[in-house]
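**Q** Just dropping this structure here.
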Amino acid sequence: MVDLKQEAIRKKLEHFNREVRKNASVAVSAAFALLIALAWKDVIAESVDKIVEVLQMPGNTYLFRFVSALIVTAICVVGIVISSKIAAKEEQ
């Protein structure tokens, strides 16, 4: 009787430890993704500024930044959908 309770507790602790590791891994990955996004933010902003300067359209900077944000968002959404599908297949 005691062995069954200990075994049940041990299994629950193992499951808990796996979940903690999994969630910690997701949090660390999200932190790295944020750092990457912040680095690219500057690159994209400078690129848009250069494009506006070359096209001699200084009044359209806001429009170009808006369009670039939409493009980056679309790419990221596709990436999230793909990675979610891969993760779902791995869990099965």
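The values are calculated or read from the model by the stated rules, or taken from the named source; none is laboratory data. This one's a predicted model, so the numbers in the text were calculated from it and none came from an experiment. FYI the Cβ positions are ideal-geometry reconstructions off the backbone, even for glycines, and counts take in every protein chain you see.
**Q** Considering (1) assigned to a helix (DSSP H, G or I); (2) at pLDDT below 85; (3) loosely packed, with under 10 Cβ neighbours inside 10 Å, say which one LEU38 fails and leave the rest.
**A** (2)
**Q** If I ask for residues that are exposed (fewer than 12 other Cβ atoms within 10 Å of the Cβ) and part of a helix (DSSP H, G or I), which ones from segment 41-65 would you list?
**A** Selection gives ASP42, VAL43, GLU46, LYS50, GLU53, VAL54, PRO58, GLY59, TYR62.
**Q** Search segment 61-72 for residues that are in contact (Cβ under 8 Å) with a residue 12 or more places away in the chain and closer than 10 Å to ILE51 by Cβ and pair each with any residue that is charged (D, E, K, R) and assigned to a helix (DSSP H, G or I) when their beta-carbon atoms are under 8 Å apart and the residues are at least 6 apart or on different chains.
**A** Short answer, once both residue conditions are applied: THR61/ASP49.
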